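The values are calculated or read from the model by the stated rules, or taken from the named source; none is laboratory data. From a predicted model like this one, the values you see are computed outputs, not experimental measurements. Positions of Cβ are generated from backbone atoms using ideal geometry, with glycine treated the same way; all protein chains shown enter the neighbour counts. Surface accessibility is based on the protein's heavy atoms, side chains included, excluding ligands, DNA and RNA. Shrake-Rupley method; radii C 1.70, N 1.55, O 1.52, S 1.80 Å.
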Amino acid sequence: MIFRRPIITRLFSVLTALALLGGLVPLASAAQAEEVTLGIFSTSDMQGRYTAQNPLTGEKESVSYLKVSTAVAQQRKLVDASILIDAGDALDGSFQSWYSTTQRTGGSNPLATVLRYIGYDVFVPGEGEFRFSQAQREEFFDQLTSQSGTVGEPVSILAANYLSDKNQTPQEQSYEVFSVQAGGRTFRIGVLGLTATDIPDQVPAANCSGSLFAHEDNTAGSLAWEWK
């Protein structure tokens, strides 16, 4: 089995989004095994760029979800099965990102529509998602995960250390195990989402009221502690 991991854009530096990869169905002998290529594609820090040009300045975007869509479609043709992850900061506090959350199309957040249309499997929130109010963030999350969306498929939100301060339990799903078909076999890919532990130090307190990003025993704010 060959495993490749093309990177569409740079990964969110404080995120570990991948956990278990492997074929949990017994593999054939070396003489019988068919070569299988699995791809895990990641983007991050896109900051609301889903148009060909900046809607405020008119300048062309050198990086955008439009280009991601084309690149991902090409890469998917090169592998037998794949998982697509956005590792956070799809939104941030910039004016352009604010445009993404306020200019509605049919009542939907355009960025949520874009992620669903491209076919993302997983979204792991980053610091940028917490630069907006709880109401705005929850609306964005709801539109990503909605089973009734008219565009694309629901996107799983994974954030094992986005915790309620009342009982220190995750407010979103911690991980998900995806089953993909390749070479006549079923492979299971486990994805664990961990966001930044220092978000409360980076954003207005009201934006993450009632939330923790590290368990109380994790005094160092270590992602390795949260992993376990």
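A few comments on the model shown:
- Residues of the stretch 23-33 include at least one that is at pLDDT below 80, surrounded by 15 or more Cβ atoms within 10 Å (Cβ to Cβ) and hydrophobic (A, V, I, L, M, F, W, C).
- Residue tally, condition of a type outside the set (D, E, K, R) and under 16 Å from G126 (Cβ atoms), over the stretch 172-203: 11
- Residue match in the stretch 51-60 (condition: assigned to a strand (DSSP E or B), modelled with pLDDT of 75 or more and loosely packed, with under 12 Cβ neighbours inside 10 Å): yes
- Among the residues of the stretch 183-228, those identified as in contact with a Ser or Thr (Cβ under 8 Å, 6 or more places away or on another chain), assigned to a strand (DSSP E or B), over 20 Å from T145 (Cα atoms) and open to solvent by less than 50 Å² (accessible area, probe 1.4 Å) are T186, F187, S211, L212.
- Residues being surrounded by 21 or more Cβ atoms within 10 Å (Cβ to Cβ) and of a type in the set (D, E, K, R) - total across the stretch 128-167: 2
- Tabulated pairs, the stretch 51-65, first within 16 Å of T113 (Cα to Cα), second in a loop (DSSP other than H, G, I, E, B) and open to solvent by 40 Å² or more (accessible area, probe 1.4 Å), C-beta under 6 angstrom, 6+ apart or interchain: S64/R49
- Yes/no for V114 being at pLDDT below 95, assigned to a loop (DSSP other than H, G, I, E, B), closer than 20 Å to Y65 by Cβ and in contact with a Phe, Trp or Tyr (Cβ under 6 Å, 6 or more places away or on another chain): no
- Meets criteria (closer than 15 Å to V124 by Cβ and open to solvent by 10 Å² or more (accessible area, probe 1.4 Å)) for D45: yes
- Filter result for E138 (under 28 Å from L38 (Cα atoms), among the acidic types (D, E) and under 18 Å from the mean Cα position of the chain (by Cα)): no
- Scanning the stretch 120-155 for residues that are at pLDDT below 90, among the hydrophobic types (A, V, I, L, M, F, W, C) and assigned to a loop (DSSP other than H, G, I, E, B) yields a total of 2.
- Any hit, the stretch 89-96, residues being modelled with pLDDT under 95, aliphatic (A, V, I, L, M) and part of a helix (DSSP H, G or I): no
- Of the residues making up the stretch 63-80, those that are under 20 Å from T51 (Cα atoms) and open to solvent by 20 Å² or more (accessible area, probe 1.4 Å) are V63, L66, K67, S69, T70, A71, A73, Q74.
- V191 being modelled with pLDDT of 95 or more and in contact with a Lys or Arg (Cβ under 6 Å, 6 or more places away or on another chain): no
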